[in-house]
Amino acid sequence: MAGLGSNRRRDLDEDDIRIRPGKRGSRPRTRTRPKHEDAREGRVLTVDRGRYTCLLEDEDAPDRSITAMKARELGRKGVVVGDRVAIVGDLSGGDGSLARIVRVEERRSTLRRTADDDDPYERIIVANADQLAIVTALADPEPRPRLIDRCLVAAYDAGLEPLLVLTKADLASPDDLLEMYGALGVEYVVTRSESNWDLNPIRARLAGKVTVFVGHSGVGKTTLVNELVPDHQRAVGHVNEVTGRGRHTTTSALTLRLPPFEDEVEPDLDQGWVVDTPGVRSFGLNHVDLSRVINAFPDLAAGTEDCPRACSHDERDCALDAWVEAGHAEPARLYSLRRLLSTRERDEGD
């Protein structure tokens, strides 16, 4: 028997030997990645627990909403609302279907915020937006100018056009707030209560643009979005009578296409997109490069040529003081710039 076992061992060759694969498998690794030349283009509308609702925007599948997940080959590359992406897999959009996002196109703008000014972790609110609508109630709850200032800084840093949307004008006059921001030249729209919406002025500002709606809870932000896009009703909250603050009801950012008016002369034109975001209690600016804010003040930017190196534009040797005194710009503009630049040093409380 012993001799027979020995003969069997001698008859074995390499094909009879099983090699246990390692933890990463036995397939050789490669840096070559598929090009996915057949991928379809899409826009990320919302994100929910690792699932991305995307809208296909090609000729073969116009306006088809699908659910997708991020492909492993993207690694840690984030996918956010507003991203333009390449999608493969099951694009039917049927129940239970799941596609894959295999590529994220270059972003033309990125709106970010941090939880506070000491938080190093920045959160991307939306990508590829054109405009930031800062929604503020004139009463119930009271306006918070410091939060408005912070949103303006974030908009200027991201290269977005700011739009001030003042709601509940039937409860209080907008004059004082408009005077405060008049020197900045920020575009604005004033609306009344929910029972008397006049959507024409704001729709004119939104046409052909991707607009992010930001504001703290209770200002009527989601209610306004529901009026603009009546086919997509989101839950709305009410202001707490004790604290004077609103209750969070919108829990995730959502992109919606603006529908044409019933009497629209050219209904095929791009009416624009709105991005409804959760209400914010604070708007941290730890990620913002304040040196870029001056770019939003072209009448002052030329006066910084004689500033000391690394000038904050809010110090004794700043050349902007002499520039304004010489009549090149209005003093109110310089005051407004410095108010925005110092917003990180001020408390956000009312």
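Among DSSP beta bridges lying fully in the stretch 74-226, give the percent that are antiparallel, nearest 5.
40 percent
Return the sequence-ordered ³J(HN,Hα) values of the stretch 276-283 in whole Hz as given by the Karplus equation 6.51 cos²θ - 1.76 cosθ + 1.60 applied to θ = phi - 60°, using x for Gly and Pro.
7, 10, x, x, 10, 9, 8, 9
Could you give the accessible area per residue of the stretch 142-225, probe 1.4 Å, as a whole number in Å²?
On the way: 3100 Å² over 84 residues.
For the stretch 142-225, the per-residue accessible area is 37 Å².
Keeping the other protein chains in place, figure out the carbon and sulfur percent of the accessible area of the stretch 282-350, with a 1.4 Å probe.
With neighbouring chains kept in place, the figure for the stretch 282-350 is 45 percent.
Checking the table 168/209; 77/209; 70/168 against a 30 Å threshold on Cα-Cα, which pairs fail?
70/168
What number comes out for the charge environment of residue 134, summing +1 per Lys or Arg and -1 per Asp or Glu over other residues with Cβ under 13 Å away?
On the way: positive: 113, 144, 146, 150, 205, 221; negative: 149, 161, 187.
So the environment of residue 134 carries a net charge of +3.
Residue 257 accessible area, nearest 10 Å², 1.4 Å probe?
The value for residue 257 is about 100 Å².
At 1.4 Å probe size, with no ligands or nucleic acids counted, give the accessible surface of residue 198 in Å², nearest ten.
Counting only protein heavy atoms, residue 198 exposes about 90 Å² to solvent.
Would you kindly work out the equivalent ellipsoid of the stretch 274-331 from its C-alpha gyration tensor and give its semi-axes, the square roots of five times the eigenvalues, largest first in whole Å?
They are 30, 14, 10 Å, listed from largest to smallest.
Taking a probe of 1.4 angstrom, what is the accessible area of residue 252 in Å², to the nearest 10?
About 30 Å², ignoring ligands and nucleic acids.
Take the Cα atoms of the stretch 138-186, build their convex hull, and give its volume per residue in Å³.
Hull volume over Cα atoms, normalised by residue count, gives 72 Å³.
Counting only protein heavy atoms and a 1.4 Å probe, tell me what percentage of the stretch 98-229's accessible area is made up of carbon and sulfur.
Values: 2220 of 5130 Å².
Using a 1.4 Å probe with all protein chains present, the stretch 98-229 comes out at 43 percent carbon and sulfur.
The values are calculated or read from the model by the stated rules, or taken from the named source; none is laboratory data. All figures in this text were calculated on a predicted structure; none of them were measured in a lab. Here Cβ is always computed from backbone atoms with ideal geometry, including for glycine, and neighbour counts include all displayed protein chains. Surface accessibility is based on the protein's heavy atoms, side chains included, excluding ligands, DNA and RNA. Shrake-Rupley method; radii C 1.70, N 1.55, O 1.52, S 1.80 Å.
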